[in-house]
Amino acid sequence: MSAPSHWPAVPRSYRSLPGWAELDGFAQATFEARLHTLWPDLARPVTELYADREDLPVVLDRLVTVVARAYLDRAEDLRVLDQRRLSQPDWFQRHDMVGYVCYTDRFSGSFATLPSRLDYLAEQGVTYLHLMPVLAPREGPNDGGYAVVDYRETDPRLGSMAELRDLATTLRGRGISLVVDLVCNHTAREHEWARRAVAGETAEDLAYRDYYFFYPDRTMPDQWEQSLPEVFPDFAPGSFTWVPEADAWVWTTFNDYQWDLDYTNPRVLEEMLDVICHLGNAGVEVVRLDAVAFMWKRLGTTCQNQPEAHLILQAFRAFTRLAMPGVVLLAEAIVSPEDLVPYLGQGAATGRECELAYHNVYMVGLWSALAEGDARLLTHTLRSMPPIPPSVAWLTYSRLHDDIGWAVTDANAAAVGLDGFAHRSFLSDFYSGAHPGSWAEGEVFQENPVTRDRRISGTLASLAGLERARQRGDGEAVGLAIRRILLLHGLVLVHGGVPLIYMGDELGMLNDRSYLADPARAEDNRWVHRPAMDWLAAERRHDPTAVEARVFEGLQQLVRARQGLPQLHAQTPVEALDLGGDDVFALLRTGPRGHCLALANLTDAPRHVSLHGFDRFGPLSGLRDAITGDDLWWDFTLEPYQQRWVVPAP
Ligand code: GLC
């Protein structure tokens with residue numbers, strides 16, 4: 001793609017930055033080569049976002065300067081990392097990737113003590129470590145760290161920025177990439193920009209009021225709210241908060257202390273880009289961009305998934321690549337199937353948006369299939385999603401720190417003969433344990449009185465039945481719950497992308513109600529599934545009589561199977577198949593690297609499977625289960641909740 005003539009010329013003022021002249025010729029030429037090659041990717045999203053601004057050349061020049069400064073500051077080892085990533089751009093798509101997600105304090109205490117737990121992660125094959133929000137949060141309630149007061153400082157309870165940087169280096173030495181959150185949709189109301197905005201401060205050519213959305217009265221908020229869905233209808237109803245000091249209403253999509261940033265102001269884009277580069281230069285390899293669906297508002301819409309939100313991500317992508325091509329961007333957009341795929345880049349943005357995105361649709365589909373003992377909705381939903389570009393990957397998971405919202409569309413439900421609303425209600429009843437026959441122990445999160453929507457909190461193990469089974473001392477039910485846990489882990493591992501293990505799920509940790517005693521957390525039952533790591537339970541992980549060992553070792557077996565199958569690389573296409581039986585879910589991975597057919601019995605009774613006539617592997621001499629190593633016949637039985645990863649026998 002070449003640059004249209006109406007675009008501003010490639011800026012040059014970065015050349016007068018202190019340090020530029022001293023940079024060696026090769027480093028200068030590298031930056032300039034990237035700048036010229038990437039210019040269409042850099043200029044296009046910014047030009048489209050700010051087309052009506054006369055100062056567009058200045059906006060672009062400032063953005064390039066921010067990035068050039070980061071390039072000058074980039075440490076030697078990180079430049080080497082950039083070169084390594086450029087020589088192996090599919091590093092995060094590989095079949096041996098395994099992600100782990102934890103709260104630093106709840107896992108190890110601090111950045112400094114985390115290395116003492118690395119053997120535990122290595123045992124699980126972890127190559128990607130997401131430390132839940134680490135940047136300085138506001139005091140008091142802070143939405144689990146998603147209300148940041150300072151993007152350049154870490155939470156002092158976890159350690160300093162220098163310690164985070166050291167930790168990133170240590171992790172890299174062990175083959176683990178550090179992943180950190182950047183809350184780019186909103187700041188805490190105590191953030192310096194917000195304080196200056198309230199004070200009505202201006203500096204040079206900028207007014208801090210223009211960083212946020214302020215309204216003098218309800219006229220505009222009332223108009224916006226006609227089409228805005230509620231995110232936290234229970235503890236933070238509405239999307240605007242009256243701020244007496246500012247004598248204004250402020251846009252607050254989430255809690256009243258989280259103020260949405262106004263990206264129609266290019267200064268906001270510039271500030272966030274600077275923060276991304278700051279994290280990248282601290283050794284962060286994957287930046288998790290939080291709540292990206294909400295970054296652009298348009299009257300009369302839900303103000304989610306707007307085209308401009310994608311342009312912002314494309315700008316982040318291109319500019320970051322200029323300074324630090326090793327850094328990967330992860331979109332946190334928990335949206336419906338049709339809105340999700342574009343975050344991985346589509347059309348002109350193919351390969352130019354985020355490399356990673358959460359596959360919440362698959363996650364929801366797995367829980368739905370398990371509750372019903374029926375794969376049809378999951379299969380249909382996956383089949384109706386467009387394929388993703390070959391250079392990106394999903395993050396697959398069964399549980400993380402947030403609630404589960406039932407992202408099942410009415411149309412997909414109808415296609416398999418279900419009523420969307422009734423099915424979503426069923427899932428909430430089932431996983432809150434209210435449905436007769438349910439094994440699950442979850443809690444209802446954010447019941448919406450208007451839409452009657454209910455989301456669900458709870459750990460993987462509690463939702464899969466382990467809590468109730470253990471309480472009852474019912475050994476058979478414990479066995480079934482463990483099988484469900486492993487079934488979900490397995491389907492997460494075989495799908496393709498980076499599979500995530502959420503801290504404690506590898507041991508079958510149960511719901512933790514201790515958050516109720518903490519006033520800053522008591523209102524938010526997502527804390528029920530954010531327990532502190534139980535290291536005593538971890539010590540039982542190889543004790544054959546312990547439940548923890550049955551979960552941990554079962555998971556290890558699955559991870560080893562994945563790591564032995566190059567065909568599970570994210571570039572191998574994935575396809576949900578309808579093999580005839582509604583209660584067996586079938587996921588086919590087939591491509592030049594090889595084949596694998598995952599079959600999962602979604603019920604608590606044995607199911608017969610026949611692969612006679614199945615020809616998607618081409619001519620074969622035999623079949624094998626890659627999990628157990630068993631040779632298989634064309635007909636076999638799947639035990640309750642058993643999965644097999646069928647591959648051609650060697
Ligand atoms: C993301 C986070 C969630 C948080 C929200 C607001 O969705 O995962 O925990 O509440 O953003 O920052």
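The values are calculated or read from the model by the stated rules, or taken from the named source; none is laboratory data. Computed from a predicted structure; not experimentally measured. Every residue, glycine as well, gets a Cβ built from its backbone with ideal geometry; the counts of neighbours run over all protein chains shown.
Counting only helices (runs of 4 or more DSSP H) wholly contained in segment 428-535, the ones carrying 1 or more residues that are out of contact with any helix residue (DSSP H, G or I) (no Cβ under 8 Å at 6 or more places or on another chain) occupy 466-472, 475-494.
Only one of these is within 22 Å of residue 505 (Cβ to Cβ), more than 16 Å from the ligand (Cβ to nearest atom) and acidic (Asp, Glu): 119, 166. Name it. Show your work before the answer.
Working: 166 fails: within 22 Å of residue 505 (Cβ to Cβ).
Unique residue meeting the criteria: 119.
One line per residue, one yes/no per condition, for (1) of a type in the set (Phe, Trp, Tyr); (2) modelled with pLDDT under 95; (3) in a loop (DSSP other than H, G, I, E, B):
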{"site": "187", "(1), (2), (3)": "no, no, no"}
{"site": "196", "(1), (2), (3)": "no, no, no"}
{"site": "209", "(1), (2), (3)": "no, no, no"}
{"site": "229", "(1), (2), (3)": "no, yes, yes"}
{"site": "250", "(1), (2), (3)": "no, no, no"}
{"site": "254", "(1), (2), (3)": "yes, no, yes"}
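When 208, 215 are checked against the criterion of being touching a Pro at 6+ places or on another chain (Cβ under 8 Å), surrounded by fewer than 22 Cβ atoms within 10 Å (Cβ to Cβ) and not assigned by TED's automatic domain parsing to the domain that holds residue 52, a single residue qualifies: 215. Restricting segment 228-243 to residues that are within 15 Å of the ligand (Cβ to nearest atom) and of a type in the set (Phe, Trp, Tyr) leaves a set whose member that is surrounded by the fewest Cβ atoms within 10 Å (Cβ to Cβ) is 235. Looking at segment 317-328, can you tell me whether even one residue there is in a loop (DSSP other than H, G, I, E, B), within 16 Å of the ligand (Cβ to nearest atom) and assigned by TED's automatic domain parsing to the domain that holds residue 161? Within segment 317-328, none of the residues are in a loop (DSSP other than H, G, I, E, B), within 16 Å of the ligand (Cβ to nearest atom) and assigned by TED's automatic domain parsing to the domain that holds residue 161.
Of everything in segment 218-227 that's assigned to a loop (DSSP other than H, G, I, E, B) and surrounded by 12 or more Cβ atoms within 10 Å (Cβ to Cβ), which residue is farthest from the ligand (Cβ to nearest atom)? So that I can check it myself, show each step before the final result.
Taking segment 218-227 first, the residues assigned to a loop (DSSP other than H, G, I, E, B) are 218, 226-227.
Adding the requirement that they be surrounded by 12 or more Cβ atoms within 10 Å (Cβ to Cβ) leaves 218, 227.
Numbers: 218: 24, 227: 20 Å.
Across segment 218-227, the extreme among qualifying residues is 218.
Within the set 504, 490, the sole residue that is away from the ligand (no atom under 16 Å from the Cβ) and on the phi > 0 side of the Ramachandran plot turns out to be 504. Of all the listed residues (39, 20, 7), the sole one being crowded, with 19+ Cβ neighbours inside 10 Å and more than 30 Å from residue 401 (Cα to Cα) is 39.
Step by step: first the residues of segment 299-322, then only those that are in contact with a helix residue (DSSP H, G or I) (Cβ under 8 Å, 6 or more places away or on another chain) and more than 18 Å from residue 44 (Cα to Cα), then the one that is surrounded by the fewest Cβ atoms within 10 Å (Cβ to Cβ). Which residue is that? Write out each step before concluding.
Going through segment 299-322, the residues in contact with a helix residue (DSSP H, G or I) (Cβ under 8 Å, 6 or more places away or on another chain) turn out to be 299, 303-305, 308-322.
Applying the additional criterion that residues be more than 18 Å from residue 44 (Cα to Cα) yields 299, 303-305.
Numbers: 299: 10, 303: 22, 304: 22, 305: 21.
Selected residue: 299.
Residue pairs whose Cβ atoms lie under 6 Å apart, sitting 6 or more positions apart in sequence or on different chains, and linking a residue in segment 130-154 that is in contact (Cβ under 8 Å) with a residue 60 or more places away in the chain to a partner that is part of a strand (DSSP E or B), are 130/101; 130/179; 138/149; 138/188; 147/137; 147/188; 147/258; 151/135.
Would you say residue 547 is farther than 29 Å from residue 386 by Cβ, in contact (Cβ under 8 Å) with a residue 24 or more places away in the chain, surrounded by 14 or more Cβ atoms within 10 Å (Cβ to Cβ) and not hydroxyl-bearing (Ser, Thr, Tyr)? I'd like the intermediate steps shown before the answer.
Details: farther than 29 Å from residue 386 by Cβ: yes; in contact (Cβ under 8 Å) with a residue 24 or more places away in the chain: yes; surrounded by 14 or more Cβ atoms within 10 Å (Cβ to Cβ): yes; not hydroxyl-bearing (Ser, Thr, Tyr): yes.
Criteria met by residue 547.
No other residue among 156, 133, 141 is within 14 Å of the ligand (Cβ to nearest atom), over 22 Å from residue 330 (Cα atoms) and assigned to a loop (DSSP other than H, G, I, E, B) apart from 141. Here residue 338 clears all of (1) assigned to a helix (DSSP H, G or I); (2) at pLDDT 95 or above except the condition numbered (2).
So, residue 83, is that one closer than 24 Å to residue 181 by Cβ and of a type outside the set (Gly, Ala, Ser) or not? Walk me through how you get there before you give the answer.
Working: closer than 24 Å to residue 181 by Cβ: no; of a type outside the set (Gly, Ala, Ser): yes.
So residue 83 does not fit the description; no.
Test residue 178 against the criterion of being assigned to a loop (DSSP other than H, G, I, E, B) and either assigned by TED's automatic domain parsing to the domain that holds residue 250 or among the hydrophobic types (A, V, I, L, M, F, W, C) (or both), and give yes or no.
Working: assigned to a loop (DSSP other than H, G, I, E, B): no; either assigned by TED's automatic domain parsing to the domain that holds residue 250 or among the hydrophobic types (A, V, I, L, M, F, W, C) (or both): yes.
Here the answer is no, as residue 178 does not meet what is asked.
Within segment 608-620, being crowded, with 17+ Cβ neighbours inside 10 Å and either touching an Asp or Glu at 6+ places or on another chain (Cβ under 6 Å) or part of a loop (DSSP other than H, G, I, E, B) (or both) holds for 611, 614, 617. Going through (1) of a type outside the set (Val, Ile, Thr); (2) without any contact (Cβ under 8 Å) to a residue 60 or more places away in the chain; (3) farther than 21 Å from residue 405 by Cβ one by one, residue 493 falls short only on (2).
If you filter segment 254-268 down to residues that are polar (S, T, N, Q) and within 13 Å of the ligand (Cβ to nearest atom), you find that the one that is nearest to residue 319 (Cα to Cα) is 258.
The listed residues are 441, 447, and the only one of them that is more than 16 Å from the ligand (Cβ to nearest atom) and surrounded by fewer than 23 Cβ atoms within 10 Å (Cβ to Cβ) turns out to be 447.
Inspection of segment 284-295 identifies at least one residue that is at pLDDT 95 or above, among the charged types (D, E, K, R), over 17 Å from residue 340 (Cα atoms) and within 22 Å of the chain's Cα centre (by Cα).
Note on segment 253-276: among residues that are touching an Asp or Glu at 6+ places or on another chain (Cβ under 8 Å) and hydrophobic (A, V, I, L, M, F, W, C), the one that is farthest from residue 303 (Cα to Cα) is 268. When segment 378-397 is filtered for residues that are in contact with a helix residue (DSSP H, G or I) (Cβ under 6 Å, 6 or more places away or on another chain) and assigned to a helix (DSSP H, G or I), the ones remaining, listed by number, are 378, 380, 381.
Confirm whether residue 357 is within 15 Å of the ligand (Cβ to nearest atom), farther than 27 Å from residue 51 by Cα and at pLDDT 95 or above. Talk me through it step by step, then tell me what you get.
Details: within 15 Å of the ligand (Cβ to nearest atom): yes; farther than 27 Å from residue 51 by Cα: yes; at pLDDT 95 or above: yes.
For residue 357, the condition - within 15 Å of the ligand (Cβ to nearest atom), farther than 27 Å from residue 51 by Cα and at pLDDT 95 or above - is met.
Suppose we keep only residues that are charged (D, E, K, R) and not in a loop (DSSP other than H, G, I, E, B) within segment 3-36. Which one would you say is farthest from the chain's Cα centre (by Cα)? Steps first, answer last, please.
Residues of segment 3-36 that are charged (D, E, K, R), as a first pass: 12, 15, 22, 24, 32, 34.
Filter once more, so that each one left must be not in a loop (DSSP other than H, G, I, E, B): 15, 32, 34.
Numbers: 15: 37, 32: 33, 34: 28 Å.
The residue in question is 15.
Within segment 269-303, being away from the ligand (no atom under 16 Å from the Cβ), part of a loop (DSSP other than H, G, I, E, B) and within 18 Å of residue 148 (Cα to Cα) holds for 282, 284. Looking at 194, 199, 188 in this structure, which one is more than 16 Å from the ligand (Cβ to nearest atom) and either aliphatic (A, V, I, L, M) or on the phi > 0 side of the Ramachandran plot (or both)? Exactly one residue qualifies, and that residue is 199.
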